[in-house]
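Right, one structure below, let's go through it.
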Amino acid sequence: MAAMAALPPDRPEEIASGSRVRWLTAISPSDPHARPDRIASLVGMCVGSVTGILYGAILVQNVRGPLETWQGAVISLAMGLGLGCVVGYILGPNLSVRPYFWAEEQLATLPFSELIGLLVGVLVALAIAALVALIASGLPYGLGWMVAVLVAAVLVPLGLSVGRRRRRDISLMGLPMGASGPPLAKVVVDTSAVIDGRLLDLARGGFCLYQLLIPQFVLDELQAVADSGDPIRRARGRRGIAMLEELRSLSGLDLSFPQTDYPSMTEVDGRLVRLAREEGAGIFTVDFNLDRLAQIAGLRVLNLNQLATALRPALVAGERLEVDVVKEGREPEQGVGYLDDGTMLVVEGGQHHLGQRVEVSVRSVIQTASGRMVFTQFEGPCEVPPPTRRGGRRTRSAGGSAH
């Protein structure tokens, strides 16, 4: 409460942004299974201590020698109690809550088609094991049941694997397998792609055909940006949080927030690359440095800037454009302007027309790793006054054709 009271009263948005990030992760701690694990460990200790004491008492009653004295009996019971507590503490969560949580997580994220394939594989394996049990039921000393259990132990994992891989063939038998097609590929989304905002436009248009993984450490970094003292960074962070909220509300989008973290690694880029390797996923980013790092690591990279560049309309030499000259260029007599899509135009002869809208003709286009640069030649001022938003638009070329 004291920490909340220390916040300035004129910055309630920071509290709201932090609460939205916590809502995105279901307002859970870094390990939501910690409390059930502790309870299972305590229960395991109780059961183990009782079992250890009973085992020590059996030893005292049946073993002759040093255990016949009261000192030996006390030592036996104490060792049974201690060993039972340790074993129960270790096995308690591993035999109860952890398998349950693992199965729950797997079933929650498993596509319906794979779930049907797994069930069919298990049913076939159990049916074969039951037939083996009937055939071998005449064997003495219960060997038939032992053989059936052994066959089931071998065939059930095999049925799980085969059923999952052959789900397409199973669908030909008329079983409902959900939407056809391969499972969605996974991509790990970094903070820059979340803040950029164009991912939301892709998802709304139905072009995001991937399973999006936004890890917890990316959400932590996003919250740190939203709580920054720099107003520009703070605004970008809040925009990213708002974008995540809208992504969660979209139907048909496969979005998850894995809790995997690597405390030994300080750099977020390194953790993203490692998580992508472990998940067999690609990297979704607009960060040029992360793009290079992921490519060196042999990962698939989806860079929004490259997509935007590919979707930009082509410019050809001789084409005429109108552009606002906003600043001077590096070389003498050069001016610089920008198209609406962010493409930089270098205007030869535009230095003396700062703040004006001019007509230029394209001379050459250079494609670089960080974007596209267009070199143009000043043709003359435009009669139309410059708009309030900077940018450029195409005009009719010298030949009279519209572009």
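Things worth noting here:
- Residue in segment 321-329 that is modelled with pLDDT under 70 and either aromatic (Phe, Trp, Tyr) or in contact with a Phe, Trp or Tyr (Cβ under 9 Å, 6 or more places away or on another chain) (or both) present: no
- Hey, Leu339 among the hydrophobic types (A, V, I, L, M, F, W, C), buried (at least 18 other Cβ atoms within 10 Å of the Cβ) and touching a strand residue (DSSP E or B) at 6+ places or on another chain (Cβ under 9 Å) or not: yes
- Residue check, Pro385 modelled with pLDDT under 80, farther than 18 Å from Ala308 by Cβ and not hydrophobic (A, V, I, L, M, F, W, C): yes
- Conditions (1) out of contact with any strand residue (DSSP E or B) (no Cβ under 8 Å at 6 or more places or on another chain); (2) hydrophobic (A, V, I, L, M, F, W, C); (3) closer than 30 Å to Ala34 by Cβ: number failed by Cys208: (3)
- Check on Arg292, closer than 17 Å to Ser192 by Cα, among the basic types (Lys, Arg), free of Cβ contacts under 8 Å to residues at least 12 places away in the same chain and assigned to a helix (DSSP H, G or I): yes
- Condition check for Val286: within 14 Å of Asn303 (Cα to Cα) and either within 13 Å of the chain's Cα centre (by Cα) or at pLDDT below 85 (or both): no
- Failed condition for Val87, given (1) in the same structural domain as Ala148 (by TED's automatic domain parsing); (2) modelled with pLDDT of 85 or more: (1)
- Residue that is surrounded by the most Cβ atoms within 10 Å (Cβ to Cβ) [pool: residues in segment 241-277 that are in contact with an Asp or Glu (Cβ under 8 Å, 6 or more places away or on another chain) and part of a helix (DSSP H, G or I)]: Leu272
- Val347 vs. criteria more than 31 Å from the chain's Cα centre (by Cα), under 30 Å from Ala193 (Cα atoms) and not assigned by TED's automatic domain parsing to the domain that holds Leu200: no
- Members of segment 47-81 that are exposed (fewer than 14 other Cβ atoms within 10 Å of the Cβ) and assigned to a helix (DSSP H, G or I): Leu54, Ile58, Gln61, Asn62, Pro66, Glu68, Trp70, Gln71, Val74, Ala78
Residue by residue, here is whether (1) touching a helix residue (DSSP H, G or I) at 6+ places or on another chain (Cβ under 6 Å); (2) surrounded by 13 or more Cβ atoms within 10 Å (Cβ to Cβ); (3) at pLDDT 70 or above; (4) part of a helix (DSSP H, G or I) holds:
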position: Ile170; (1), (2), (3), (4): yes, yes, no, yes
position: Pro176; (1), (2), (3), (4): no, no, no, no
position: Ala179; (1), (2), (3), (4): no, no, no, no
position: Pro182; (1), (2), (3), (4): no, no, no, no
position: Phe207; (1), (2), (3), (4): no, no, yes, no
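- Some residue of segment 305-316 being within 17 Å of Ser192 (Cα to Cα), surrounded by 13 or more Cβ atoms within 10 Å (Cβ to Cβ), assigned by TED's automatic domain parsing to the domain that holds Asp190 and modelled with pLDDT of 85 or more: no
The values are calculated or read from the model by the stated rules, or taken from the named source; none is laboratory data. Here the structure is a predicted model, which means the values were calculated and not measured. When we count neighbours, we look across all protein chains shown, and the Cβ atoms used for this are built from the backbone with ideal geometry, even at glycine.
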